[in-house]
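Laboratory data are not the source of any read-out in this text; all were calculated from the coordinates shown. It should be emphasised that the depicted structure is a prediction, and the values quoted were computed from it without experimental measurement. With ideal geometry, Cβ positions are generated from the backbone for all residues, glycine too; neighbour counts draw on all protein chains shown.
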Amino acid sequence: MLEAGLYFLQQLINGITIGSTYALIAIGYTMVYGIIGMINFAHGEIYMIGTYVAFMAIAGMAMLGIEFLPIIFLGALLASMLVSSSFGWAVERIAYRPLRGGNRLIPLISAIGMSIFLQNYVRLGQGSRDIAMSSQITGGFSIGPTDGFHATLSYMQIIIFVVMLVSMALLTLFISKSRMGRACRAVAQDLKMANLLGIDTNRVIATTFVIGAALAAVAGTLLGMYYGVVNAYVGFIAGLKAFTAAVLGGIGSIPGAMLGGILLGIAESMTAAYFSTEYKDVVSFGLLVLILLFKPTGILGKPEVEKI
Amino acid sequence: MSKKVPFALFCAGLTVILAFPILGLNLEHKGTSLVVTGADNWTLIGVLVAALIVFVTQLLKSQIKATYQAVKPNFGGLIQRLPGEDKRKLISKLVLIALIIAALVLPFFTSRQWPDIATLVLIYVILGLGLNVVVGLAGLLDLGYVAFYAVGAYSYALLSQYFGWSFWACLPIGTLLAATFGLLLGFPVLRLRGDYLAIVTLGFGEIIRILLNNFTSITGGPNGIGNIPKPSLPFIQFEPNFEIVWLEFGRRATDGGVPFHKFFDLPYDSSLKVIVLYLIALALAVITILIIQRLIRMPVGRAWEALREDEIACRSLGLNRTAIKLSAFTIGASFAGFAGSLFAARQGFINPESFIFWESVIILAIVVLGGMGSQIGVMIAAAIVVLLQELTAEFDEYRLLAFGAIMVLMMIWKPQGLLPMKRPHIKLKQE
């Protein structure tokens, strides 16, 4: 009985860890969708680039002989955020801005093209094999009897959860308090009207992409350090999961993305634990279809009003 | 000018940030640890040159635009010199007839490899035309089109393996089965906004592939299904007694028919089966073209396009949104099933690897390149894409890179595609 409980607890911990990173990636989808109503398919690739840059930064600092963990962690985080947000900005500028205001299908196809481009750009530069890295932060707490089966809560998992909470708090503060955040909310409500009232909407949209990309880089760094493996293809599936999370929580809603991410992470780790690992992706897609069927607005989303 | 310099500098700096970590640094395993090494000097020089180019272009953007406007080729004179409507119709008819004759005769005079590639082109033509109905005409972005293709291919493979059914029996079944899947998937999803459809179909495509991979007992999992028979052709025999003989084109009859060369007492020719398959594919592709051409001119075809252009107006005019979308989705799916059966027959072996997301992207690229809604455009694009795929197999990364870039650039510069669709219309003759 205790063992089963501990097993469940372990799965819950794993699920929340993965879910936290999904939530961070989902923010990028949800903010962009909230403002310009398009799915940024290239977002998953930006997350993947973030992981690569974090690995480079960690390996580079190890070669320079830096061993103080917080510096390594912060350095990797900053480097990956810088590069990823540059990618976010450039992608918006090159592939989406010229297409704004036309048929909805066109930016979507452009986004798919961009996703393919970025994936193969990284493949070209870094090869298509897996890059593995030994974990930097080891150890953790164990829960339950030390000699028998016990659940572990590693330090890395705690860091992931805490970093996610801090990022979310900062983002919420930015959106609700800062001038730019207020502009973001205004643009999300009514882009044309905001433009008429003198808000530089292009700048707001670019900021949204940069913030989304930076948060994806945070997720990339964390998840890269947690799993210790990256290849050029991880972005696709992670992006898909994060999008599912965004829809689950209600697309356009930031707390929704967080809730959706964690719920999806838990659902996935429970399926993997109690059913079968092969079907964990099927479950998340099945979940997506079910949500869209019964509650298309998601858990915290607002119903969309069609304007003529 | 003063404002431009900082922006140009910013863009140049950004180029370095975008290019240097990915191209200029390499992650390598050394023993147990991961090390970063710099790429060779040429890459670094390339990155700097790219940054310089970006700097100069950003600085001189307005001048470049002005120059382009000045030298922009003017097609106005050329269009006026084209022959009149009637003459053009005659020419296009002659070209069409010449093309059909060439398509029928050529395979007998080329090496074996070409009819095989041409069959693949035709399969992609069918797929492209089918997806064109969904994406180009109805405006529904379907990213899981490959799932229906897989349904068609697996239904033929499984039915022939377990029940020994022939290609001609499985073709309609595969088509219907794919249509059923389309109907079942489309029914809940089509009530939703377009972007959700894209992601749900994508998810569905992945689910089908994962299921095929994991139902090892039926589908063989990653090992796939082999020994799928090639289609046979019926031949009506009058003597010694009236009966229909199924001719097969392999060396030995495997499917309960008679080998072609034995029946006619000819020497065995191994390229014949490839050519016959090509001819069957040609016939099926022509059937597809004709069906879709009729559909476009029918009320349902008009409704697809009207719905794509303005959904709210259509609903106000009393069109049933869900029914129309569902019809487009189902018809598109059924053509994928059609092509899938043919694909299984061509390959003789299928496994889930043939039905990855990338296939959906290629078919979508065909539709986008050809011009959404345009049939001729889609056919030409299918030929270009498949030939490029076959001929440049060794430059895999560059090919995919170019694919992505072309998709983006097409959307920016020519979203209507290479050969934009023209509405079927009648022009009154001026007396």
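Observations on the structure shown:
- Normalised by residue count, chain A yields a Cα convex hull volume of 148 Å³ per residue.
- Shape of the stretch A:215-308, Cα gyration tensor, a/c cut at 1.5: oblate
- Peptides B:208-214, A:193-199, ordered by how many other C-beta atoms sit within 10 Å of their residues on average, highest first, read B:208-214, A:193-199.
- Normalised by the number of residues in chain B, the mean separation of alpha-carbon contacts (under 8 Å, six or more apart) gives a relative contact order of 24 percent.
- Average partner coverage of B:26-35, which counts Cβ from other chains inside 10 Å: 5
- Packing-based ranking of B:153-161, A:110-118, B:98-106, B:382-390 yields A:110-118, B:153-161, B:382-390, B:98-106, ordered from highest to lowest mean Cβ neighbour count within 10 Å.
- Peptide A:283-293 - average C-beta neighbours from other chains (10 Å radius): 5
- Averaged over the residues of peptide A:120-132, the number of Cβ atoms from other protein chains lying within 10 Å of each residue's Cβ is 5.
- Centroid-to-centroid separation of the stretch B:298-342 and the stretch A:1-74 [C-alpha atoms, Å]: 41 Å
- Residues A:H150, B:H29, A:H43, sorted so that the one with the fewest Cβ neighbours within 10 Å comes first: B:H29, A:H150, A:H43
- Highest average packing first - A:158-168, A:134-144, Cβ atoms within 10 Å: A:158-168, A:134-144
- Structure remark: mean-square fluctuation, Gaussian network model of chain A, C-alpha springs under 10 Å; the largest value among A:V91, A:V229, A:V218 belongs to A:V229.
- Taken one residue at a time, the phi angles of the stretch B:171-188 give Karplus couplings (6.51, -1.76, 1.60, θ = phi - 60°) of 4, x, 5, x, 4, 5, 5, 5, 4, 4, 4, x, 5, 5, 6, x, 3, x Hz. Gly and Pro are set to x.
- Residue order, fewest to most beta carbons within 10 Å, for B:W304, B:W246: B:W246, B:W304
- Top of B:P415, B:P21, B:P115 by mean-square fluctuation, Gaussian network on chain B, Cα under 10 Å: B:P21
- Over all other residues within a Cβ to Cβ distance under 15 Å of B:T57, the charged ones net out to +4, with Lys and Arg as +1 and Asp and Glu as -1.
- The distance from the alpha carbon centre of the stretch B:97-172 to that of the stretch B:173-214 is 19 Å, rounded to a whole number.
- Nearest 10 degrees, 0 to 90: helix B:85-105 Cα axis against chain B principal axis: 60 degrees
- Other residues within the sphere of radius under 10 Å centred on the Cβ of A:I175, judged by their own Cβ, net out at +3 (K and R +1, D and E -1).
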